[in-house]
Amino acid sequence: MSQLKNDRYLRALLKQPVDMTPVWMMRQAGRYLPEYREVRAQAGDFMSLCKNPELACEVTLQPLRRFELDAAILFSDILTIPDAMGLGLYFETGEGPRFKKPVTSKADVEALPLFDPEQELGYVMDAVRTIRKNLQGAVPLIGFSGSPWTLATYMVEGGSSKAFTKIKKMAFAEPQTLHLLLDKLADSVTSYLNAQIAAGAQSVMIFDTWGGVLSPRDYELFSLQYMAKIVDGLTREADGRKVPVTLFTKNGGMWLEKIAATGCDAVGLDWTINIADAKARVGDKVALQGNMDPSMLYAPPARIEEEVQTILAGFGQGSGHVFNLGHGIHPDVPPEHAKVFVDAIHRYSQQYHK
Ligand code: CP3
């Protein structure tokens, strides 16, 4: 069993006692850091950065040099899976991700290959191994994937979307086609995450960014069901330690009990729910991750500290809380404000762990 110097993130996910509340930030490696923009320029485009294990490792570690974060997250993207399936991922400047060959029919879904993650996504596993080696046990490494539903939205829409008309048309006019796609994706995500765990990821998180655009019944049918299948298929122990699983559905506050019932260890919260209410609903079952509005990092330091204290007080006494933003950090946030945020969590949380 490899020794971690700081394991409070893993302990909090398992509701084991900690000395202070751990914190990491979604998109902690990214454009708000000038040193990231420099490496990104050196790599060329975003996917070339993801595909270069040395540079992916470098940008993963950058935020840890600036802030006392309690976890590192693999630098990659959720869209590596559809890319490995041959959809031709590219990024249009200022417009987000795009696919050259979106999925439009049952024949397209049937033609999607099941791939071997160590082969087709070997660059991701190489990044995991390189990061683990360079972390030298300082903090745990988080691996991740998109949820089947969220990946399917990009694959069917051909990129980012606001109204989700194409995927909803498939869901309601041709449900068998979508279920076939989601089932293939659930199997792919399971093997992808298990490969990340085998390569050294010490916890994994599933990003369901778009589950919240569905009705309650359709959320269960098209998103949650497939995340539950993944949770069932994951390797839950490695290196003599439990590998905790976090599920994050943005705008999923209505469905916390159902998410917690999948058997995951933790539920990620966005900022549209009060963490005290969330804890009252599921706190004896799972740990909670979240949930400051990322835009609060635009506020002056005193306001950021006040918000951190409010959220800490909302969760209250004891372990089971991993502090985070409710979604990714914005590219134009001053890095000094991120430092105020991280330091405030450590300073003001100690009183809740006595
Ligand atoms: O959290 C981290 O620091 C790890 C890295 C990470 C990235 N993407 C890096 C990235 C993670 C965990 C993701 C997940 C991801 N990617 C999600 C789920 C989480 C979420 O934010 O909802 C989604 C939906 C994607 C798809 C994606 N990738 C989009 C929509 C974009 C464009 C966003 C934008 O603001 O332009 C990306 C690109 C991307 N992924 C960037 C980063 C740092 C920006 C790329 C750049 O350098 O230009």
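Please treat every number below as a calculation from the coordinates, not as lab data. The structure displayed is predicted, hence computed values, not measured ones. Heads up, the Cβs are rebuilt from the backbone with ideal geometry, glycines too, and the neighbour counts pull from every protein chain shown.
Structural remarks
- When GLU237, GLU220, GLU257 are checked against the criterion of being out of contact with any Gly (no Cβ under 6 Å at 6 or more places or on another chain), free of Cβ contacts under 8 Å to residues at least 12 places away in the same chain and surrounded by fewer than 23 Cβ atoms within 10 Å (Cβ to Cβ), a single residue qualifies: GLU237.
- Condition check for ALA186: part of a helix (DSSP H, G or I) and away from the ligand (no atom under 16 Å from the Cβ): yes
- Wholly within the stretch 28-81, helices (runs of 4 or more DSSP H) carrying at least 3 residues that are closer than 16 Å to PRO140 by Cα and more than 8 Å from the ligand (Cβ to nearest atom): 53-66
- Filtering the stretch 44-83 to residues that are in contact (Cβ under 8 Å) with a residue 40 or more places away in the chain and within 27 Å of ASP108 (Cα to Cα) leaves PHE46, MET47, CYS50, LYS51, SER76, ILE78, LEU79, THR80, ILE81, PRO82.
- Answer residue from the stretch 313-339, given it is crowded, with 20+ Cβ neighbours inside 10 Å and hydrophobic (A, V, I, L, M, F, W, C) and is farthest from MET25 (Cα to Cα) among those: PHE315
- Flag if LYS162 is in contact with a helix residue (DSSP H, G or I) (Cβ under 6 Å, 6 or more places away or on another chain), among the basic types (Lys, Arg) and surrounded by fewer than 21 Cβ atoms within 10 Å (Cβ to Cβ): no
- Residue within the stretch 76-94 that is touching a strand residue (DSSP E or B) at 6+ places or on another chain (Cβ under 6 Å), under 25 Å from LYS339 (Cα atoms) and buried (at least 19 other Cβ atoms within 10 Å of the Cβ) present: no
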